[in-house]
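Taken together, the values in this text are just the output of simple stated rules run on the coordinates, not laboratory data. Model, not experiment: these values are computed from the prediction. Here the Cβ is made from the backbone with ideal geometry for all residues, glycine too, and neighbour counts use every protein chain on show.
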Amino acid sequence: MKTQVVHQQYLTTQVTTADRLQLVVMLYEGALNFLGQAKARMAAKDAPGKGLYLGKALDIIAELNASLNFQDGGELAANLSRLYHFMTQHLTRANLTWSEQAVEEVMAMLTELKQAWEQICRQTGAAQAEDPTPPQACLTPSLRSLVV
C-alpha cells in the first residue's frame with residue numbers, strides 16, 4: 001500500500017512539473033500502457049479487465065481529441081481528430097470482438113504519434129537551450145493545434 005502512495009506522489013509530481021508537450025507524450029504513454037494491459041486481459045479471457053483497460057485508453061484518446069484547437073491547428077488538428085475517431089471506433093470493435101490485432105493496430109498508431117511528439121520535445125528543448133523563451137513562443141503554428 002505504501003508503494004502505491006509513493007508511486008502516486010511521483011506521478012503527480014511528474015504531471016505538475018511537465019510542460020505541455022511532455023504532457024502529450026505522457027498521455028500517449030498512458031494509452032499505450034493501458035492497451036498493453038487490455039491485450040493481456042484479452043489473452044487471459046478476463047472480460048472485466050479487458051473492458052476496464054480499454055475504457056481507460058479510450059478516455060485518454062478522448063482527452064487528446066478534446067484538447068485539439070481547430071482554430072489554430074487547421075488541417076493538422078482535423079487529421080488528428082479523424083485519427084482519434086478511427087482509434088475510438090477500432091477499439092470499441094476490439095472490445096466487442098476480442099480482437100487483439102485491432103488493439104495492436106491502435107498501439108502501432110499511438111507509438112508513431114508518441115515518437116513524433118518526443119521528437120518535437122527534443123527539438124523544442126534544443127531551441128530553448130539556445131533561446132530560453134517561454135515554451136508557448138517556441139511552438140510552431142502546427143503545434144498550437146493542441147491546447148493542453
_Please give me the summed charge of the neighbours of residue 60: other residues whose Cβ is under 14 Å from its Cβ, Lys and Arg +1, Asp and Glu -1._
-1
*Using amide H atoms built 1.01 Å from N in the peptide plane, name the residues 5+ places from residue 68, or on other chains, whose amide H lies under 5 Å from its own.*
147
*Please give the peptides 106-118, 51-63, 27-39 ranked by average Cβ packing (other Cβ atoms within 10 Å per residue), highest first, as a rough proxy for protection.*
27-39, 51-63, 106-118
*Distance in nm between pseudo-label sites at residue 62 and residue 75 (7 Å out along the Cβ direction from Cα)*: 3.1
*Could you list which residues have their amide H under 5 Å from that of residue 19, counting only those 5 or more apart in sequence or on another chain, with H placed in the peptide plane?*
none
